[in-house]
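Below: the structure, in structure tokens.
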Amino acid sequence: MVHSPAPAAAPPEHSDALVLFGATGDLARKKLFSALYHMEAEGHLGIPVVGIARSSWDQAEFHAHIKEALAATVTGAEPGMVGRLLSLASLVGGDYADEATFAALRTELERLGAKRPAFYLAIPPDVFETVIQGLSREGLTEGSRIVVEKPFGRSLATALELDGLLLQHFAERDIFRIDHYLGKESVEDLLVFRFANTLLEPIWNRNYVRSVQVTMAERIGVEGRGAFYEGVGALRDVVQNHLLQVVAMLAMEPPVSPQADALRDEKVKVFRAMRALDAGAVVRGQFEGYREEPGVAADSTVETYVACRFDIDSWRWSGVPFYVRAGKAMARSALEAVVELHEPPRLLFADAEMPPPHPNLIRFRMSVPDGVTMTVQAKHPGPELLAEPVDLAVDFGESLGKRREAYERLLGDAIVGDARRFARQDAVEATWRIVQPALDDPSPVHPYPQGSWGPPQADELLAQGHWHHPQ
Ligand code: BG6
């Protein structure tokens, strides 16, 4: 019997306005206005942007705020393009708890002729419900999209609650959960590099790979976000979401099609095969001086550093530890994944007392400038047949040109309804399931000096070898 392919679904419609809740907030100032500027410059925006904020600003003040943000975040912003972005931008001010705010938003959307807006919640999660109820009361959720910034809950239970709330008002295909790491081209490159290079796939498994290390290090501390960070900590802030997504990209099987769900299905399989973290697989640290930060408790045990070992019980990865660490106030900023292959056997031509050659490393450098470095062995100059590690390195910026920023790509995707680079609810739940035991039963927190690589106790997590610090 011949199966005919399923008829292709009609392409999703383009949103006809972007409504930005949290328009006067930190994220908007640091990342979102620059993303909108670049989108407009590249012809990917072209729809009205309505800012909503609890502020008494008028339009002129809102425009001045956008201009200031662009001056700080876009090098060489062109005045003509700034003007074009401002001509698209308007502000609706008002409290989220006030019904009049949503009535004013409806009026503004009617004035703009917008019928299928995308609502972007760049606001603290404790006001999500108030905002969604407000939109719903005005009949604004029908046919609209909702874009939600992380965190998606602060535990498995609260993630389920949030999902319940979203699904009451929006269809799953209209919900876009932002994990901005999924929008980073350097992170997406993990998939391309793995699956477009035949030389890697045969060795990408437990037979050749000894361990995988993922490091997200930030030089900055909590920078005035102490009060927020106290309720979060590194495990919730970046491991449950960003870094587990990176692990999934490193560990997943190739998706069966380019469709969003095919990609997301493979990631979920990795999470399902991953063992839940117990406290013994987690080392927590806190940088010295964190307790003196504004908004931080004098006896806080919140971790600003975490190192964990994840185990994936799959045919491909059984027995291969995936070490993940993330920290604030570290020696430098970097996002890297290092795949360490097994040590080769002692070289036939080396003396028995000589150490075996170093294992090969494949290092994905995912912060700016991004690239890949492969550490291989080559003959050391001299009479002996000795091996010495050398790096084969490529800088993608130099070789391939400039990358687009994560938020620019993600907002562009959300307004055309492309869900590939967004987190799906089952993955969100699966990742909470993995980290929840370590959250419920936290291990002790060890101090570490600012500007270091974290507490020495993290070294004990590694069964063998050492941490590969970013280059
Ligand atoms: C955010 C975290 O999600 O990611 C921050 O809440 C962190 O604490 C930030 O600083 C890091 O993002 P990036 O893109 O600079 O690696």
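Values quoted throughout were computed directly from the atomic coordinates according to the rules given, and no laboratory measurement underlies them. Quantities reported herein were computed from a predicted structural model and do not represent experimental measurements. For neighbour counting, all protein chains shown are included, and Cβ atoms are generated from backbone atoms with ideal geometry for every residue, glycine included.
Here are the numbers for the structure shown:
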quantity: Sequence-separation-based contact order of segment 60-187, relative, with Cα cut under 8 Å and 6+ spacing, percent; calculated: 19 percent
quantity: Using alpha-carbon coordinates, inclination of helix 260-273 to the longest axis of the chain, degrees; calculated: 50 degrees
quantity: Mean Cβ neighbour count within 10 Å, used as a protection proxy, ranking 318-326, 119-127, 434-442, 167-175 highest first; calculated: 318-326, 119-127, 434-442, 167-175
quantity: All lysines inside 21 Å of residue 328 as judged from Cα atoms, apart from same-chain residues fewer than 8 positions distant; calculated: 30, 31, 150, 184
quantity: Three-way shape label, segment 244-369, alpha-carbon gyration tensor, a/c 1.5; calculated: oblate
quantity: Acute angle (nearest 10 degrees) that the helix 156-169 long axis makes with the longest principal axis of the chain, alpha-carbon atoms; calculated: 40 degrees
quantity: Cα-projected label distance for residue 97 with residue 126, points at 7 Å along beta-carbon direction, nm; calculated: 1.1 nm
quantity: Antiparallel DSSP beta bridges within the chain, as percent of all bridges there, nearest 5; calculated: 55 percent
quantity: Separation of alpha-carbon centers, segment 175-230 and segment 91-114, rounded to whole Å; calculated: 39 Å
quantity: Segment 80-217 shape via C-alpha gyration tensor axes, a/c threshold 1.5; calculated: prolate
quantity: Whether segment 21-73 is rounded, prolate or oblate, judged on the alpha carbon gyration tensor where a/c under 1.5 counts as rounded; calculated: prolate
quantity: Relative contact order, percent, the chain [alpha-carbon distance under 8 Å, six or more residues apart]; calculated: 18 percent
quantity: Stokes-Einstein D (µm²/s) once Rh is taken as the Kirkwood radius of segment 308-453 over alpha-carbon pairs, at 20 °C in 1.002 mPa s; calculated: 107 µm²/s
quantity: Relative contact order of segment 204-341, defined on C-alpha pairs under 8 angstrom at six or more residues apart (%); calculated: 47 percent
quantity: Residue 59 paired with residue 420, simple spin-label distance in nm, labels 7 Å along Cα-to-beta-carbon; calculated: 3.8 nm
quantity: Projected area, mean over directions - the chain, Cα convex hull, nm²; calculated: 27.2 nm²
quantity: Inter-probe distance in nm under a simple model that places probes 7 Å from Cα toward Cβ, at residue 298 and residue 379; calculated: 6.8 nm
